[in-house]
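Nothing in this text is a laboratory measurement; each read-out follows from the coordinates by a stated rule. None of these values were measured; they are calculated from a predicted model. Ideal geometry is used to build each Cβ from the backbone, glycine not excepted, and the neighbour counts take in all protein chains shown.
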Amino acid sequence: SYSAVFEGRLLIGGEVNVVSDFRIKKDIELLDIEYCKSFISKVNPIKFRYIEGDEKLNLGFIAQDVYKAGFTDLVSIAPKKGLEEVIEDDGFVNPKDFSFSVTTGEIIPILVLNVKDLYEENEILKNKNNDLESKVQTLEERLKILEEIVMSQIN
């Protein structure tokens, strides 16, 4: 088992496979939809450029915001020489010589469950809409019959 830390952009020609075999996992649980909805409502995606490096526009998150939103399991802290200590207005301490990072790969299951929930909600709404359209059509047909009856009584 190895770990590596890289600065800058990492380019890989080919695939990156993440081992996901259930045989090497324990305490497996389904994600809670409220946890996933909470992530969507509390965490703001941003666009930014890094201070050092190229001028490429990037998309992502602020690790401290993810942490403060309660998703501490998605944030890691690692040594990074040269960073100053910053204490934010809310009292959050960004320690000297350490940087925060977000495990973006773990956000994918959160997004998938949110999309799955939206699909299910959409199906329910489509079925309700179809039922309402059917009822409207039936009512229009009944109204037409009633209008014909009333008109025949008048004439």
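Things to note:
- For the range 8-155, convex hull of alpha carbons as volume per residue, Å³: 277 Å³
- Across all directions, the average flat footprint of the convex hull enclosing the Cα atoms of the range 89-150 is 9.0 nm².
- Contact order relative to length of the range 19-155, as percent, for alpha carbon pairs under 8 angstrom and 6 or more apart: 18 percent
- For the chain, with +1 on Lys and Arg beta carbons and -1 on Asp and Glu, the positive-most of Pro95, Ile51, Ser38 along the dipole: Ile51
- Cβ charges +1 (Lys, Arg) and -1 (Asp, Glu), total dipole of the chain, debye: 300 debye
- Computed FRET value (nearest 0.05) for Ser99 with Tyr119, which takes r as the C-beta separation and R₀ as 41 Å: 0.65
- Counting only lysines at least 8 places from Lys81 when in the same chain, those with an alpha carbon closer than 16 Å to its own are Lys96.
- Model label points for Lys37 and Asp54, set 7 angstrom from Cα along the Cα-to-Cβ axis, are 4.1 nm apart.
- 27 Å Cα-Cα reach of Lys116 towards lysines, excluding residues that sit fewer than 8 places from it in its own chain: Lys25, Lys26, Lys37, Lys42, Lys47, Lys68, Lys126, Lys128
- Nearest-ten-degree value, helix 107-154 long axis tilted from longest Cα axis of the chain: 10 degrees
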